[in-house]
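See below for the structure under consideration.
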Amino acid sequence: MDNSLKSDLQTQAETHEKAGQTYSRAGDFVSALDSLHKALVIRKEIGDIVGESFVLNNIGKVHLRQGDYETALAYFQQSLTISRQSGDKIGESATLNNISAIHRAQGDYEASLAYLKQSLDIQRQLGDKFGEGRTLNNLSQIYDAQGDYETALAYLKQSLDI
């Protein structure tokens, strides 16, 4: 595939991804999934595995927003596998956060905490302060839900410091 065609296809994939994210925020999940699946096909066609993992993660988020945890988890697991195989630590960290959200929604706080702590470790290794702050905030929400307000506040303070 020549570089010009590949560049055009990458632009198309990005456009479909952005449209999918916009549709999802607007609550139009059918259109969101349609756009994201189009982006996924293109990412696979051009061999962009990091982009593929990103799209899989976004498809999972749409299913998560719909409360379809089983389908969301399946997409997140695919994304996580690709991120780990490709060495995409940022993608891995984001996906771990998303998987934790499923467990949190299902009331499995221990599993949620485990995924968040994995994500936090990666973010600290990378020096990703934004991601670290977000994950510390997410950790505080789990402890808050469990009634451990002291630990929740400690994580919130760390998040605020960042």
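The values are calculated or read from the model by the stated rules, or taken from the named source; none is laboratory data. Remember, predicted model here, so these are calculated numbers, not experimental data. FYI the Cβ positions are ideal-geometry reconstructions off the backbone, even for glycines, and counts take in every protein chain you see. For the accessible areas, the whole protein counts, side chains as well, though only heavy atoms, and no ligand, DNA or RNA atoms are used. Shrake-Rupley method; radii C 1.70, N 1.55, O 1.52, S 1.80 Å.
Filtered by the rule that a residue be more than 12 Å from Gly20 (Cβ to Cβ) and open to solvent by less than 20 Å² (accessible area, probe 1.4 Å), the stretch 44-55 gives Ile46, Gly51, Ser53.
The residue pairs whose first member lies in the stretch 71-100 and is farther than 18 Å from Gly51 by Cβ and open to solvent by 30 Å² or more (accessible area, probe 1.4 Å), whose second member is modelled with pLDDT of 95 or more and β-branched (Val, Ile, Thr), and whose beta carbons are closer than 6 Å, counting only pairs six or more residues apart or on different chains, are Leu73/Ile102.
Would you confirm, using the coordinates I've provided, whether Glu150 is in a helix (DSSP H, G or I), acidic (Asp, Glu) and either under 25 Å from Leu36 (Cα atoms) or open to solvent by less than 70 Å² (accessible area, probe 1.4 Å) (or both)? Considered against the rule, which asks whether it is in a helix (DSSP H, G or I), acidic (Asp, Glu) and either under 25 Å from Leu36 (Cα atoms) or open to solvent by less than 70 Å² (accessible area, probe 1.4 Å) (or both), Glu150 comes out as no. Which condition does Ser140 not pass, out of (1) in contact (Cβ under 8 Å) with a residue 24 or more places away in the chain; (2) more than 22 Å from Glu14 (Cβ to Cβ); (3) over 14 Å from the mean Cα position of the chain (by Cα), if it passes all the others? Condition not satisfied by Ser140: (1). Checking each residue in the stretch 25-70 for being of a type in the set (Ser, Thr, Tyr) and within 14 Å of the chain's Cα centre (by Cα) picks out Ser53, Tyr69.
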